[in-house]
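I have placed the structure first, in the form of structure tokens, so that the comments after it can refer back to it.
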Amino acid sequence: MPEIIEQPRYVCAIGAQQTVLAINKAIPILNSGPGCSEKVFSAVSFNSGYQGTGYAGGSTVPCTNTSEKEVVFGGEDRLKEVIDGSLKILKGDLFVVLTGCTSDIIGDDVGQVVSEYQKKGVPIVYAETGGFKGTNYVGHELVINAIINQFIGDVKPKVKKGLVNVWSVIPYQDPFWAGNLAEIKRLLEGIGLQVNILFGPKAKGVEEWKTIPDAEFNIVLSPWVGLKTAKLLKNKYGTPYLYYPTFPIGAKQTTDFLRKVTEFGDLDRDRAENFIKEEEKNYYYYLQRSADFFVEFRYDLVHSFFTITDSFYALGINKFLIKELGLVPGQQYITEDTPKEYKELIKSEFETTSKAISAEIIFETDGGKIHDGIRNYNHRNHKPLIIGSFWDKDIVSELKGYGLDLSIPILNSLILDKNYVGYSGALTLTEDIYNNILHAY
């Protein structure tokens, strides 16, 4: 019997419509039942810091709105009608057809339908993203791989020295994705690279995607999402990749990341070290300036922290708060329904954080079970810091602790270009944590 998940923090694979929307002038077309697109938009856009519809999101997304007629007689003709209408009305550089549960179950030959348009030179691809394929983390890679295989295709790479593709946070699922990707791009450019960031305002749209085969190497800045894409690109175009599983937050992780990229890409070490030196100088200036605050309030401020978020943030935050702010980890909940083959890898990354301090890692998608775990934890009269989402405000209040909303849903903040990655992102995270604590006084 299927389980009911309380307070989920992800959506199904068709949530990858938001991945498409994060590419400038790319337009998703859904072959699904009515309501799928709107629910996805509400969950990972509107309820994720009120990020809005963008160029062609929200109610603009074309959809077949599959009904009983299509279930009985097939939905391929209806899909053609919607594609034809979309091409006439919407101006896009790339169209991506996504399938819902109904389409996949009744067996619509979406590939055949889309191939007819591809033969005519229409920039269109498809990905089968029925809900039973997995979460939108999986759907994200399905869409990326569809674009690579069907749109970019079997071209001969023209490798350009210093050009890299970055595969990291998932647009919209990470509420701070746009700011995070912009900052990752800035950091990598600072050590001498040319960066295809591919999503968001700092990317160049579909034209940038066409240069993916020309990259000297790929960077997977993620615990697991992006690895399949990097392996595909290695097999297809011979492009090597650097895998860095921890989303770098703070000086220690960010400096380590930039040095590993410098070594892997055989970059100018003097340039890289000069850039790192300037970034660290700025970072430590602000931390040192706040030393009086930490000393003055050392007995009153938070002692232990709990994360209720995906592995992207859980790893980076864990290492930052332990190594650089001196906090003690409580339970660390991983919420993205992590595939089994990556769980041990993620656990091993947590174990490298500190020889003296270890965190309890729990893979759990059910918010009710997570709250029960934190409720029954021995807090020893300390007020916990709970880094999670809007779902967690009640458990924070119950334990008289402190909270920070970092994962979806986020309903009490408007998110524009804020980021939590790198040196500047760590300063922002520190401000947000302690501002929330001070506001509670």
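Where a number appears in this text, it was derived from the coordinates with a stated rule and is not lab data. For clarity, every value in this text was computed on a predicted model and none was experimentally measured. Quick reminder, even Gly has a Cβ in these numbers, built from the backbone with ideal geometry, and neighbours come from all protein chains shown.
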Could you give the nm distance between label points at residue 88 and residue 266, where each point is 7 Å from its Cα heading toward the beta carbon? 5.6
Residue 189 versus residue 375, label points 7 Å from Cα toward the beta carbon: distance in nm? 4.9
What is the set of long-range amide H partners of residue 129 at a cut-off below 5 Å, with H atoms built 1.01 Å from backbone N? 99
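Expressed in nm², what is the orientationally averaged projection area of the convex hull enclosing the Cα positions of segment 1-89? Walk me through the numbers on the way to the answer.
Working: hull surface 28.7 nm².
Mean projected area of the Cα convex hull: 7.2 nm².
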In whole Hz, what ³J(HN,Hα) sequence does segment 8-18 give by Karplus (6.51, -1.76, 1.60; θ = phi - 60°), x for Gly and Pro? x, 10, 7, 10, 7, 4, 5, x, 5, 4, 6
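Can you tell me the FRET efficiency between residue 3 and residue 80 if r is taken as the Cβ-Cβ distance and R0 is 30 Å, rounded to the nearest 0.05?
That pair, residue 3 with residue 80, gives E of 0.20.
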Fully extended, how many nm does the chain gain between residue 252 and residue 439 (0.36 nm per residue separation, minus their Cα-Cα distance)? 64.4 nm
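Hey, can you rank 431-438, 400-407, 326-333 by average C-beta count inside 10 Å, highest first?
Working: 431-438: 16.4, 400-407: 22.1, 326-333: 20.1.
Per-residue mean Cβ counts within 10 Å order the peptides as 400-407, 326-333, 431-438.
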Unsatisfied cross-links (Cα-Cα over 21 Å) in the set 204/234; 161/236; 234/418: 204/234; 234/418
How far apart, in nm, are two points set 7 Å out from the Cα along the Cα-to-Cβ line at residue 118 and at residue 364? 4.4
Sorted by Cβ density within 10 Å, fewest first, the residues 66, 365: 365, 66
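Identify the chymotrypsin sites (Phe, Trp or Tyr not before Pro) of segment 1-107 meeting these criteria: DSSP loop state and at most 16 other C-beta atoms within 10 Å of the C-beta.
Details: sites: 10, 41, 46, 50, 55, 73, 95; in loops: 10, 50, 55.
Qualifying residues, ordered by number: 50, 55.
Which order do peptides 174-185, 233-244 fall in by mean Cβ count within 10 Å, highest first? Kindly include the intermediate steps, with their values, before the conclusion.
Values: 174-185: 23.8, 233-244: 16.9.
Packing proxy ranking, top to bottom: 174-185, 233-244.
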How large are Rg and Dmax for segment 160-279 when only the alpha carbon atoms are used, in Å? 13.4, 38
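Assuming R0 = 35 Å, can you tell me the calculated FRET efficiency for the pair residue 50 and residue 282, based on Cβ-Cβ distance, to the nearest 0.05? Mind dumping the intermediate values first?
Values: r = 30 Å, r/R0 = 0.87.
So the FRET efficiency works out to roughly 0.70.
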